[in-house]
């Protein structure tokens, strides 16, 4: 019998080692898999490359990981925010490398990796400093920049419900990067509010098919209507 | 001369959003446009973090941390609204499905170049978010900004000195002094606030402005 459900957060993140590249879902705190990140912090791993939309908000999730000194590089679209003080400090101290990627290119590059594409030609960023040194091509009279896929060793995502085969549904705008990050990592780990029996999730409404998910773990602290603060 | 305040600017932009339009309002000043959309028009607000049919702020106590806008503020979903992931959300922009985006700006050049993501200052932490995708992806990119900086420099310029967000992407600029259409490498004035002459505006902006009123 296939059962992707892990009995604990620590078990779910138990194979992540130092130097790993890790996609972490979430847009701000919506969809941020805080419990998995906390589990990662409990492991004594360092020199991580993080791919996430933001460079942490407040004290939880990616912010806590940066505060703990575990991140050597972050690939993101919007690091600078009112509550990104842990990233700001690390960046000013020169202890973290930043690769800034326009948000849609970040999504498209992750999607490309998960879809097996060798790269994408995107109009976003053409003629700007973020496209410097990159191959460009004019297609049907419009200019495009070649952007490469972004893959990762692991993806940590948060979904609403899952089953033992790894099928997932999300909640509202917490979906954000979850479905595409799930496709682009060698090992995708989903924290869900509830693991339900096979067949409970409406097959017409499964958002992430289980083929993209390796491990599912329940987080008791999550409640409908609000992520843990 | 009576300059428009930010509320009046938001109100002015809102008048030009037609029935049935799919619209993305950038964070900051453009977000206010939502409050003035005419009630008799059905307009679809898109938020790049993954929703269409965005509604107003929730009542106090009704906030849901899983339901936020691109500015990470709590919002609501209108009946008929829907959620989707980031690749779909940005496909809506790049694929030309969003009719109008309204963005703030540091500078707009007369040829439509936009600078709104980075001042380029040494030591400033850059952050781009979805600005570049919106600028080149939406069918029409409107800018909404005060025309002059606090020190009195025009933000409508010959060539942007700040790092660019997108090339030749802005078609219309709404300001506290008037409205400009950008085409044929020139700024065309379509509206001026009362008490301001075109001659006076030309002198302050320092650009040839075509009278299109």
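Might you let me know whether the stretch B:187-209 holds any residue that is under 27 Å from residue A:130 (Cβ atoms) and in a strand (DSSP E or B)? Scanning the stretch B:187-209 turns up at least one residue that is under 27 Å from residue A:130 (Cβ atoms) and in a strand (DSSP E or B).
Among the residues of the stretch A:32-41, is any more than 14 Å from every other protein chain (Cβ to nearest Cβ) and in a loop (DSSP other than H, G, I, E, B)? No. The lone criterion from (1) over 20 Å from the mean Cα position of the chain (by Cα); (2) at pLDDT 95 or above; (3) surrounded by fewer than 19 Cβ atoms within 10 Å (Cβ to Cβ) left unmet by residue B:67 is number (3). Only residues that are under 14 Å from the mean Cα position of the chain (by Cα) and assigned to a loop (DSSP other than H, G, I, E, B) were counted in the stretch B:84-140, giving 12. If you go through the stretch B:70-83 and keep only what is crowded, with 20+ Cβ neighbours inside 10 Å and over 17 Å from the mean Cα position of the chain (by Cα), you end up with B:72, B:75, B:83.
Is there a residue in the stretch B:153-163 that is in a loop (DSSP other than H, G, I, E, B), within 9 Å of another protein chain (Cβ to nearest Cβ) and touching a strand residue (DSSP E or B) at 6+ places or on another chain (Cβ under 8 Å)? The answer is yes, given that some residue of the stretch B:153-163 is in a loop (DSSP other than H, G, I, E, B), within 9 Å of another protein chain (Cβ to nearest Cβ) and touching a strand residue (DSSP E or B) at 6+ places or on another chain (Cβ under 8 Å).
Would you mention how many residues in the stretch B:45-64 are surrounded by fewer than 18 Cβ atoms within 10 Å (Cβ to Cβ) and either in a strand (DSSP E or B) or in contact with a strand residue (DSSP E or B) (Cβ under 7 Å, 6 or more places away or on another chain) (or both)? So the answer is 5. Of the residues making up the stretch B:71-83, just one is modelled with pLDDT of 95 or more and part of a loop (DSSP other than H, G, I, E, B), namely B:75.
Can you confirm whether residue A:138 is part of a strand (DSSP E or B) and more than 19 Å from the chain's Cα centre (by Cα)? When the stated conditions are applied, residue A:138 passes them.
As a summary of the residue check, residue A:129 satisfies the conditions (1) more than 8 Å from every other protein chain (Cβ to nearest Cβ); (2) more than 16 Å from residue B:87 (Cβ to Cβ); (3) surrounded by fewer than 20 Cβ atoms within 10 Å (Cβ to Cβ) except for the one numbered (1). Only residues that are touching a residue at least 24 places away in the same chain (Cβ under 8 Å), facing chain A (nearest Cβ under 9 Å) and at positive phi were counted in the stretch B:47-103, giving 1. Look at (1) in a helix (DSSP H, G or I); (2) surrounded by fewer than 24 Cβ atoms within 10 Å (Cβ to Cβ) and you find that residue A:199 fails only one, number (1). When the stretch B:126-141 is limited to residues that are surrounded by fewer than 24 Cβ atoms within 10 Å (Cβ to Cβ) and modelled with pLDDT of 95 or more, the one that is farthest from residue A:106 (Cα to Cα) turns out to be B:140. Of all residue pairs spaced 6 or more apart or on separate chains, those with beta-carbon atoms under 6 Å, a first member in the stretch A:77-94 that is under 15 Å from residue A:60 (Cβ atoms) and a second member that is in a loop (DSSP other than H, G, I, E, B) are A:83/A:58; A:84/A:55; A:84/A:56; A:86/A:56; A:87/A:55; A:87/A:56; A:87/A:79.
Being within 9 Å of chain B (Cβ to nearest Cβ), over 13 Å from residue B:133 (Cα atoms) and buried (at least 23 other Cβ atoms within 10 Å of the Cβ) holds for only one residue in A:111, A:143, and it is A:111. Which of the residues belonging to the stretch B:19-44 are without any contact (Cβ under 8 Å) to a residue 60 or more places away in the chain and either touching a helix residue (DSSP H, G or I) at 6+ places or on another chain (Cβ under 7 Å) or surrounded by fewer than 16 Cβ atoms within 10 Å (Cβ to Cβ) (or both)? Across the stretch B:19-44, the qualifying residues are B:19, B:20, B:32, B:35, B:36, B:37, B:38, B:39, B:40, B:41, B:42.
What about residue A:56, is it at the interface with another protein chain (Cβ under 9 Å from one of its Cβ atoms), under 15 Å from residue A:26 (Cα atoms) and buried (at least 24 other Cβ atoms within 10 Å of the Cβ)? So residue A:56 fails the test. When A:157, A:180 are checked against the criterion of being within 13 Å of another protein chain (Cβ to nearest Cβ), assigned to a strand (DSSP E or B) and buried (at least 24 other Cβ atoms within 10 Å of the Cβ), a single residue qualifies: A:157. Considering the stretch A:161-177, and only residues there that are surrounded by fewer than 22 Cβ atoms within 10 Å (Cβ to Cβ) and assigned to a strand (DSSP E or B), the residue that is farthest from the other protein chains (Cβ to nearest Cβ) turns out to be A:161. Among the residues of the stretch A:86-105 satisfying the criterion of being touching a helix residue (DSSP H, G or I) at 6+ places or on another chain (Cβ under 8 Å) and in a helix (DSSP H, G or I), which is farthest from the other protein chains (Cβ to nearest Cβ)? Restricting to residues being touching a helix residue (DSSP H, G or I) at 6+ places or on another chain (Cβ under 8 Å) and in a helix (DSSP H, G or I), the top hit is A:86.
The values are calculated or read from the model by the stated rules, or taken from the named source; none is laboratory data. Predicted model, so just to flag it, every value in this text is computed and none were measured. Every residue, glycine as well, gets a Cβ built from its backbone with ideal geometry; the counts of neighbours run over all protein chains shown.
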